[in-house]
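Let me begin by presenting the structure, written as structure tokens, before commenting on it.
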Amino acid sequence: SANTNPGTSMSIRLRFAPSPTGFLHVGGARTALYNWLYARKTGGKFILRIEDTDAERSSADMVTAILDGLRWLGLDWDEGPDKGGEYGPYFQSERRELYQTEAERLLADDRAYPCFCNEAELEKHRDESAYNGHCGRLAPGERQAFLEEGRPHALRFRAPKEGETLLYDQIRGKMEFQNELFEDFVIIKSDGLPSYNFAVVVDDHAMEISHVVRGDDHISNTPRHLMLYEALGYRIPKFAHLPMILGEDKSRLSKRHGATSLGDFAGQGILPEGMMNYLALLGWSLDGKTEFFSAKKLVDAFSLKRVGSNPSVFDPEKLAWLSGEHFKRLDPKAKVEGCYEHLLSSGLELPPLEKVRERLARIVKLFGNRLKSYADALDLGASHFFAEFPDYDSEAVEEHLSSDSEARLLALAGSWENLGEFSSSELEASLRSLAESMGLGAADLIHPLRVALTGRRRSPDLFGLCEILGQEIVIARLRKQAWRK
Ligand code: GLU
């Protein structure tokens, strides 16, 4: 079946294994996406595992933020403890017994040993070089006596000291690591929780992960993992280490470069479809030129073979552009609802959606192609449609609302009060004839009118805007002159 790895009987199973110590950022989201795409492409499974064994740095809020980020991006996972109709992720903190059992197997084979060193002693060993395997050389009797005394201890893996460990990476090719460079590393910490290196191996085996796709910041850990696979008698999965993502200055992407978490981008009005499309291109390409992909097209087209080994540079402008390309293709209803949500979340007080849906639909239509993201709704001035008066930009007022122009606006209000039909074509015709009768150019009325109605120097189609505002509000804004404060 499609679910089987060609040439073997192993099912295709991938996982995303975030540590809940921060938000879901660009790098993590790309890792999650590539795993998800590969699973969806092959008919395999995508598993979510929260690596929360660093109790001090992990937090429940970050778990929530990561899950929200994945859901926003549209990445669903296939397994996990039943959480009332939905799969919860796996949590490593709930799987201690398994790590303990596997550690005991290593202890029984003398591939692991208790280490009684406290921090100060470790410091001392470190000064000498790396951890030197001190407790690994304790006489069996001594070790036994310390255990019986109840001395606190961690468990360390007895790493091989000779030879090399080979990694066949799907992206980087073959890599060799000298074993002598690896110290005996901790597998169970003195608090009883597993180390990352141990838990990741035990879980990837227990969850039958066939492909480990993760950031190449883990590549230096992978030899340790391979040593554990060997010692535990586990079958080795395929590894694919994704190249780094850089900021524009070519240093590793970080907060210094601006927005990096998915929540930030959602807040900027970036569409999840656009984010997914952009993340896919951060390291993968179909043919070096196709840029626009729907989720479905990505699933069809994705392969690990087309993931490059060079770092990619994160380009927020390209992200915004791609998001705009997806935005263009949204149906009007989705645009209206998305704008509504965005306006609400940016703090605007609005009546319930059904009360304003029609007006918002007219506004969205008025903005036309200038609306490239939900966030543009605010930039283009959506908020004044829902207020009694706009916020007046003082420079715009200064420039266009002199006492002369105020008098002209009152004259315009007078003529518009008596207009039979408050439609954009009637409004425009009546403004032009009023201007003419006053010996003015149309612009002499249009500029002050725009500032009086919107508070700003620029707006989309002014007469269309008047029509949406409606006669009552337009007249009130012209008569009350609320810009004079
Ligand atoms: N928990 C690790 C991290 O968040 C990922 C481990 C892995 O994918 O092997 O960086």
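A short reminder: the numbers here are calculations on the coordinates, not readings from a lab. Remember, predicted model here, so these are calculated numbers, not experimental data. Glycine also receives a Cβ, built like all others from the backbone with ideal geometry; neighbour counts cover every protein chain displayed.
Calculated on the Cα set of region 7-82, radius of gyration then Dmax: 13.0, 43 Å. Normalised by 2.2 N^0.38 Å, where N is the number of residues, the C-alpha radius of gyration of region 330-461 stands at 1.16. Over all distinct Cα-Cα pairs of region 125-205, the Kirkwood formula returns a hydrodynamic radius of 14.9 Å. Scanning residues 5 or more positions from LYS238 or on other chains, those with amide H under 5 Å from its amide H are HIS211, VAL212, with H placed 1.01 Å from N in the peptide plane.
Just to confirm the filter: which GluC sites (Glu not before Pro) across region 376-470 are DSSP coil and have at most 15 other Cβ within 10 angstrom of their Cβ? Passing sites in region 376-470 are GLU388, GLU421.
In this structure the amide hydrogen of ASP52, modeled in the peptide plane, comes within under 5 Å of the amide hydrogens of GLN92, SER93, none closer than 5 places in sequence on its chain. In order along region 304-310, the phi-based Karplus estimate (6.51 cos²θ - 1.76 cosθ + 1.60, θ = phi - 60°) of 3J(HN,Hα) comes to 5, 4, 9, 8, x, 9, 8 Hz; Gly and Pro are listed as x. Placing pseudo-labels 7 Å out from each Cα toward the beta carbon at LYS305 and ARG137 gives an inter-label distance of 5.1 nm. Under Stokes-Einstein, with the Kirkwood radius over Cα pairs as Rh, the value for region 175-223 at 25 °C and 0.890 mPa s is 197 µm²/s.
Here the Karplus relation 6.51 cos²θ - 1.76 cosθ + 1.60, evaluated at θ = phi - 60°, turns the backbone of region 343-351 into coupling constants of 4, 4, 6, 8, x, 6, 8, 10, x Hz, with x for every Gly and Pro. What 222 nm value per residue comes from the helices of the chain, counting each DSSP H run with n ≥ 4 as -39,500 (n - 2.57) and dividing by all residues, nearest 500 deg cm²/dmol? Rounded to the nearest 500, the figure is -14000 deg cm²/dmol. Sequentially through region 217-229, phi angles give Karplus couplings (6.51, -1.76, 1.60; θ = phi - 60°) of 5, 9, 4, 6, 7, 4, x, 4, 4, 5, 4, 5, 3 Hz, Gly and Pro residues having no value and appearing as x. Can you give the FRET efficiency to the nearest 0.05 for LYS365 and ASP54, using r as the Cβ-Cβ distance and R₀ = 45 Å? Result of the calculation: an efficiency of 0.30.
For the chain, the relative contact order works out to 12 percent when only alpha carbon pairs closer than 8 Å and six or more residues apart are counted.
Quick check on the chain: of the DSSP beta bridges with both residues there, what percent are antiparallel, nearest 5%? Bridges in the chain are about 55 percent antiparallel.
Neighbours of PRO20 by Cβ distance under 10 Å: Lys/Arg scored +1, Asp/Glu scored -1, total -3. Over all Cα atoms in region 186-273, the spread is summed up by Rg and Dmax: 17.3, 49 Å. Pairwise Cα distances in region 41-187 exceed 28 Å in 44 percent of cases.
Once you reduce region 411-458 and region 297-358 to the center of their Cα atoms, the two points are 37 Å from each other. Give me the Debye-computed log₁₀ of I(q)/I(0) at q = 0.07, 0.09, 0.13 Å⁻¹ for the chain, equal point scatterers on Cα only, no solvent, two decimals. Per q value, in the given order, log10 I(q)/I(0) is -0.55, -0.75, -1.18.
Take every pair of alpha-carbon atoms less than 8 Å apart whose residues are at least six positions apart; their mean separation over the length of region 101-253 yields a relative contact order of 22 percent. Share of pairwise Cα-Cα distances greater than 19 Å in region 384-485 is 34 percent (whole percent). Note: relative contact order over region 374-485, using C-alpha pairs below 8 Å and six or more positions apart, is 38 percent.
Divided by 2.2 N^0.38 Å, where N counts the residues, the Cα radius of gyration of region 167-324 comes to 1.22.
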